[in-house]
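The values are calculated or read from the model by the stated rules, or taken from the named source; none is laboratory data. On a predicted model such as this, the values are computed, not experimentally measured, just so you know. Cβ placement follows ideal geometry from the backbone for every residue including glycine, while neighbour counts extend to all protein chains displayed.
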Amino acid sequence: MSYHADERGYYGEFGGAFIPEMLYPNCEELRQNYLKIMAEPSFQEEFHQLLKDYVGRPTPLYFAERLSKKYNTKIYLKREDLCHTGAHKVNNTIGQILMAKRLGKHRIIAETGAGQHGVATATVCALMGIECVVYMGEIDIARQAPNVARMKMLGAEVHPATSGSKTLKDATNEAIRDWINNPVDTHYIIGSVVGPHPYPDMVARFQSVISEEVKSQLLEKEGRENPDFVVACVGGGSNAAGAFYHFLDTPEVGIIAVEAAGKGIHSGESAATSALGKVGIIHGSKTLLMQTPDGQITEPYSISAGLDYPGVGPLHAHLYTSGRGEFISITDDEAMKAGLDLCKFEGIIPAIESSHALAIFKDRKFKENDVVVVNLSGRGDKDLQNYIDYFKL
Ligand SMILES: *Cc1c(COP(=O)(O)O)cnc(C)c1O
């Protein structure tokens, strides 16, 4: 079985491009060019140079000795938290801004929920001196003032989405409307392995630098390229896609995807898409999503803004239904405790998203000699207020 997108963008039954007629030329231009452009030596050279000098790659693969002792297995942390801007998202925005330049685009648009993808996009637009418009729900703008300020400092224009629930879904609709109106000069940077083909495949390829590095780093530390397990949290699924990518076709490597159970899978306040989702279409892609019996998208909930998404990328829907991936849901409380544990045991304050991945060790047992790589997708600076409120610090 293949775990990579076919030429129509399908992972098993999931994926594809379910888009309005008027968006067809935009996606088609990208589809016809993305693999060709990514294969150009000059593209690869510029991409890897920026990953090295601007993002700070390769990120370390750190053997977490005290955490490993606690759980009686060998835990390695892939330190995406040390990337410039504090998370893995910039790997993708660097790739896409270079793609946009090759396609002759002068203007970038993006949508953002909590603002993390907006900041990563505004960052690379400043780097390249390209105009940047970020769509963001009015309610999210009010909730995420520091990220709005960051985007403005970086020179981006933040457009409030004032329709519907005034959150991510509405910001996405406005970004799509903008793209339809500006097909020639504008590139739309999507922030995860979601959206119509070719976005899920393109974003996974940009993020695949994570597992590429893990292989050579493990070879150096353990004398073998493959871990026994690789673990990552899944919102839309981009850090997980990058961490899994080079192990997808190696069945000896166990793949563990961790979703947000919020206040409990069946509490009505959760984002556990695989457990609760049914097949449907979101953001132009056929995948698993949380919906009511009549097909309305259910409002997701998680204490971590990055996992608060009602769907999951089509790759992950395929990993789930095919049984290739093991899916575990972690509640807010479990994640917060695991996050504080990492602080106390290793001196690393993780993003709450990443804390979900760390929380599996309490119940999911591994053998003493198992090598378990956890993708530490981001750092906790952005979540300080959440940690303060939760632990009454
Ligand atoms: C955005 C974000 C996520 C979730 O996005 P994916 O596309 O699922 O990776 C996870 N961790 C951090 C730190 C994030 O900022």
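Does GLU45 satisfy the criteria of being buried (at least 20 other Cβ atoms within 10 Å of the Cβ), among the charged types (D, E, K, R), within 30 Å of VAL230 (Cα to Cα) and not assigned by TED's automatic domain parsing to the domain that holds ASP363?
no
Among the residues of segment 246-266, are any at negative phi, of a type in the set (Phe, Trp, Tyr), buried (at least 22 other Cβ atoms within 10 Å of the Cβ) and within 14 Å of the ligand (Cβ to nearest atom)? Steps first, please.
Going through segment 246-266, the residues at negative phi turn out to be 246-261, 263, 265-266.
Remaining after also requiring of a type in the set (Phe, Trp, Tyr): 247.
Filter once more, keeping what is buried (at least 22 other Cβ atoms within 10 Å of the Cβ): 247.
In the following step, the residues that additionally are within 14 Å of the ligand (Cβ to nearest atom) were identified as none.
So far as segment 246-266 goes, no, none of its residues is at negative phi, of a type in the set (Phe, Trp, Tyr), buried (at least 22 other Cβ atoms within 10 Å of the Cβ) and within 14 Å of the ligand (Cβ to nearest atom).
Can you tell me which residue among LYS78, LYS69 is assigned by TED's automatic domain parsing to the domain that holds GLY236 and without any contact (Cβ under 8 Å) to a residue 24 or more places away in the chain? Reasoning before the result, please.
Working: LYS78 fails: without any contact (Cβ under 8 Å) to a residue 24 or more places away in the chain.
Residue meeting the stated conditions: LYS69.
In this structure, is ILE297 on the phi < 0 side of the Ramachandran plot and within 15 Å of the ligand (Cβ to nearest atom)?
Values: on the phi < 0 side of the Ramachandran plot: yes; within 15 Å of the ligand (Cβ to nearest atom): no.
In short, no.
Mind counting the residues in segment 332-358 that are under 15 Å from VAL234 (Cβ atoms) and not acidic (Asp, Glu)? Can you show your working first?
Within segment 332-358, the subset under 15 Å from VAL234 (Cβ atoms) is 335, 351-358.
Within this subset, residues satisfying the condition of being not acidic (Asp, Glu) are 335, 351-352, 354-358.
Selection size over segment 332-358: 8.
Six or more apart or on different chains, Cβ under 6 Å: which pairs go from a residue in segment 325-343 that's in contact (Cβ under 8 Å) with a residue 24 or more places away in the chain to one that's assigned to a strand (DSSP E or B) and acidic (Asp, Glu)? Could you list them?
Sorted first by the residue in segment 325-343, then by its partner, the pairs are SER329/GLU259.
Which helices (runs of 4 or more DSSP H) does segment 104-197 wholly contain that include 1 or more residues that are within 14 Å of the ligand (Cβ to nearest atom) and among the hydroxyl-bearing types (Ser, Thr, Tyr)? Outline the logic, then answer.
On the way: elements: 116-128, 138-143, 145-153, 168-181.
Correct list: 116-128.
Test of understanding: among ILE349, ILE303, which residue is without any contact (Cβ under 8 Å) to a residue 40 or more places away in the chain, under 24 Å from CYS83 (Cβ atoms) and out of contact with any strand residue (DSSP E or B) (no Cβ under 6 Å at 6 or more places or on another chain)?
Details: ILE303 fails: without any contact (Cβ under 8 Å) to a residue 40 or more places away in the chain.
Sole residue among the options that is without any contact (Cβ under 8 Å) to a residue 40 or more places away in the chain, under 24 Å from CYS83 (Cβ atoms) and out of contact with any strand residue (DSSP E or B) (no Cβ under 6 Å at 6 or more places or on another chain): ILE349.
Only one of (1) surrounded by fewer than 24 Cβ atoms within 10 Å (Cβ to Cβ); (2) within 30 Å of GLU334 (Cα to Cα); (3) away from the ligand (no atom under 16 Å from the Cβ) is not met by PRO227, so which one is it?
(1)
Sort out for me the helices (runs of 4 or more DSSP H) sitting completely within segment 199-261 that have 2 or more residues that are without any contact (Cβ under 8 Å) to a residue 12 or more places away in the chain. Write out each step before concluding.
Details: elements: 199-207, 209-222, 238-244.
Here the list reads 209-222.
Looking at this structure, is LEU168 in contact with a strand residue (DSSP E or B) (Cβ under 7 Å, 6 or more places away or on another chain), at pLDDT below 95 and crowded, with 23+ Cβ neighbours inside 10 Å?
On the way: in contact with a strand residue (DSSP E or B) (Cβ under 7 Å, 6 or more places away or on another chain): yes; at pLDDT below 95: yes; crowded, with 23+ Cβ neighbours inside 10 Å: yes.
Taking the combined requirement at face value, the residue satisfies it.
Answer with yes or no whether ILE349 is within 16 Å of ALA261 (Cα to Cα), within 16 Å of the ligand (Cβ to nearest atom) and not basic (Lys, Arg). Break it down into steps so the answer makes sense when it comes.
Numbers: within 16 Å of ALA261 (Cα to Cα): no; within 16 Å of the ligand (Cβ to nearest atom): yes; not basic (Lys, Arg): yes.
Here the answer is no, as ILE349 does not meet what is asked.
Among GLY235, GLY284, which is within 15 Å of the ligand (Cβ to nearest atom) and within 28 Å of VAL90 (Cβ to Cβ)? Spell out the reasoning first.
Details: GLY284 fails: within 15 Å of the ligand (Cβ to nearest atom).
Matching residue, one of GLY235, GLY284: GLY235.
Quick check: is even one residue across segment 149-157 of a type in the set (Gly, Ala, Ser), under 20 Å from ASP383 (Cα atoms) and modelled with pLDDT under 95? Quick ask: steps written out before the conclusion?
The first filter runs over segment 149-157 and keeps only residues of a type in the set (Gly, Ala, Ser), leaving 149, 155-156.
Those left that are additionally under 20 Å from ASP383 (Cα atoms): 149.
Still in the running and modelled with pLDDT under 95: none.
No; the residues of segment 149-157 include none that is of a type in the set (Gly, Ala, Ser), under 20 Å from ASP383 (Cα atoms) and modelled with pLDDT under 95.
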